[in-house]
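Contents: one structure, followed by commentary.
FYI, it's all coordinate maths here, none of it is from the lab. Being a predicted model, the structure only gives us computed values, none of them experimental. Here the Cβ positions follow ideal geometry from the backbone for every residue, glycine too, while neighbour counts run over all protein chains shown.
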Amino acid sequence: MKVDRRLIQAIVVIGLATVVWLALTIGLITSTLEPAQRDLLAEQLAPRLALIGLTWVFGLVAIGATLRWLFRRYATAPARLVEQTQVLLAAPKAAPMNHQGTKETKALADVIFQLASQRDSLREDVAAQIAQASAGVQQEKNRLAALMSELTQSVVVCNLDGRIILYNNRARLQFKTLSQAPTLAGGAELVGIGRSIYAVFERQLVAHALESIQQRIGRGAGSPSAQFVTTTQAGQLLKAQMAPVRNVDATGAAAEITGFVLMLDNVTRAFEEENLRDQLLHGLTEGSRSSLANIQAAVDMLAYPDLDEPMRERFLGVVREEVASLSARITDMTQKSTQGLKARWPLEEMLGADVLLATQRRIEARNKRPVTLENIDATIWLKVDSFSLTQALDYLAMRLVDEFDVKFFRLRLQASGARAQLDLIWTGQVMSTETVMSWEMDSMRFGAESTPLTVRDVVERHGGEMWFERERVRHEAFFRFLLPLASVQEQLEATQILHNDSRPEYYDFDLFQTTDQSSKLDDRLLSELSYTVFDTETTGLNPSEGDEIIQIGAARCVNGKLLKQESFEQLVNPGRLIPAATIPIHGITQDMVRGKPVITEVLPAFYKFAQDTVLVAHNAAFDMKFLQLQEKNTGLVFSHPVLDTLLLSAVVHPNQESHRLEAIAERFNITVLGRHTALGDAMVTAEVWLRLIPLLQAMGIHTLHQAREAAQKTYYARLKY
């Protein structure tokens, strides 16, 4: 622990004062003695000067220890009480102070805590009254959040600077498909509160659309909008419809534009299908024109009555050849159009039980036969085209009813390795393998309705298998479909869309008030900046001696809020063994990083995630050293401004004995979860940083430059890695 400079100064002053006092005392005594007596005294004291000096040193040490005890009890304790009181002022809810000091300061701490508790009660009363008064506004806000979340179309709302202030679940998933590293950042480097939409769209394209809207507003259009189609960096074709967000003036009329809404559709597949249909139609038209001309010419020649027999046979041969050619061309087009039809409905993540319920309703409605469900695993998620799959099962049930008068059916679903088994079961007469194959290959027909798709087409569309089996003991038979399971990530995302527990994280309307400023980042207020709070787990503590990153975790803070769902978390293969001694600390084993991307693949995604933000970390010098050592390998220089919560804690709380992350979190009454995981530590550090901002502002530290300057003056800034 560092010693307070004031204590050292006090001991030095007391030491000098005792030396002066001792010198004056000796001088006064010797002035009263005769010369012979002085000589005798000097003769007696000279051998004992070392003992006198040693006694002085011991006395000074005793005085210093006493002063240190008094200083800690009567000077440092009140200073700590001041810092704890500042924490109470900045905290949303008072926590017990646990003050260690004199009886008087402990009593004062109790009184301060009581006042803070009364303040919290008053805050709660005021908050309750405000909540009651704004119930109508909150209801409208909830309706908007619900509407945005349930939409199946991607919606993104931006301010005029192109900063995202709202987006829905569908947009988050769609931006993941646009990412160049979807398995790493998961699209988080493209979409997020406060991020720029220009990471996806060209700035000039958006500006042109806004200009078009302005012109339509000028012409008096009531609901102006603009549309454009663009290609993303990932090669996807996006169709965007833009609508303005306008202020409302005192008269209730719409005023100037403050932002815009983008409704996005990925039209890549639709465009490719349209292009294929155009090519097929063009090929059929051009190829058929010549065939029809040849047929017409041959028919005209055959109309002559005096045409000899060899010539007649020749022209009949032309007709046959051209008809065969035309028939082959039409057949080829039909097959290609069927392939397009099979891909018309994309595979989607669905709960297996929902697929069976839909099939049950369809078979019962069409065939008037009862269908029961059995052995349904409620945890199975399928990746299927539910429409064509239920259509195929309904078709097979219809054929069984029509040809074998089956009285009832059962549907069964269970997991089988990496796939799921879906069985259509019946009791009664069974058919031959030839009959099954013919049903498989016939186009599906339902009375007057028909489709060129076959059951085999549906199976191939899913990359699965289908066969017929008998159970002779039970006198049962069934069709079994092997279907793909949704991946764990797809199940999670589908669950989020269905149950939607994350609405409030996806909007921040306060960003309508922000604009890009021309001033340097250092001059920006701390409350205005966006932050990427990150942490790393490593193989050891010596980055310059070969230790490597094994995990990176990060969260974003925008507009004074921690966006918990806009996070970055990735395990990294260090290319070396993880020391056994470090595994109990971070919990990451060699098996966990085997097959994971190396740091040169992860850092570009993290760099994009942290773009246009200030980096924040606890003991940032350690984490930044690992990033800097990778500059040659990746070509990426993390030139972002960096803030360190360790140093800034020492700025606002210089009298606290510990500035470890756990100690700071305890002072701020922050619950620590996932300690020594990269993302867990990043989340705690972000909470700490948000609590530090008002304390820094109370000390007159308002800008990024002031915060960095204050941090560099602390004792802990001397640490190097």
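Annotations for the structure displayed:
- Stretchable slack from E601 to E83, in nm (0.36 nm times residue separation minus alpha-carbon distance): 182.1 nm
- Rough spin-label spacing in nm, given labels placed 7 Å along Cα→Cβ, for R366 and A50: 11.1
- Ranked list, fewest to most other Cβ atoms within 10 Å of each Cβ, for W21, W467, W439: W21, W467, W439
- Residues whose amide H lies under 5 Å from that of L373, counting only those 5 or more places away or on a different chain, are L411; hydrogens are built 1.01 Å from N in the peptide plane.
- Backbone HN-Hα couplings from phi across the range 52-66 [Karplus 6.51/-1.76/1.60, Hz, Gly and Pro as x]: 4, x, 5, 4, 5, 5, 4, x, 5, 4, 4, 5, x, 5, 5
- In terms of the mean number of neighbouring beta-carbon atoms within 10 Å, the peptides 56-67, 621-632 order highest first as 621-632, 56-67.
- Ranking of E349, E545, E709 by neighbouring Cβ atoms within 10 Å, starting from the fewest: E545, E709, E349.
- For the range 579-717: rounded, prolate or oblate by the Cα gyration tensor [a/c cutoff 1.5]: oblate
- By the count of neighbouring beta-carbon atoms within 10 Å, fewest first, F478, F409, F534 end up ordered F478, F409, F534.
- Too-long pairs where the Cα-Cα distance tops 32 Å, listed order kept, from K176/K632; K239/K608; K383/K561; K596/K713; K239/K625; K106/K564: K383/K561; K596/K713; K239/K625; K106/K564
- Three-way shape call for the range 348-485 based on the alpha-carbon gyration tensor, with the a/c threshold at 1.5: rounded
- The range 5-130 - Rg over Rh from alpha carbon coordinates, Kirkwood radius: 1.39
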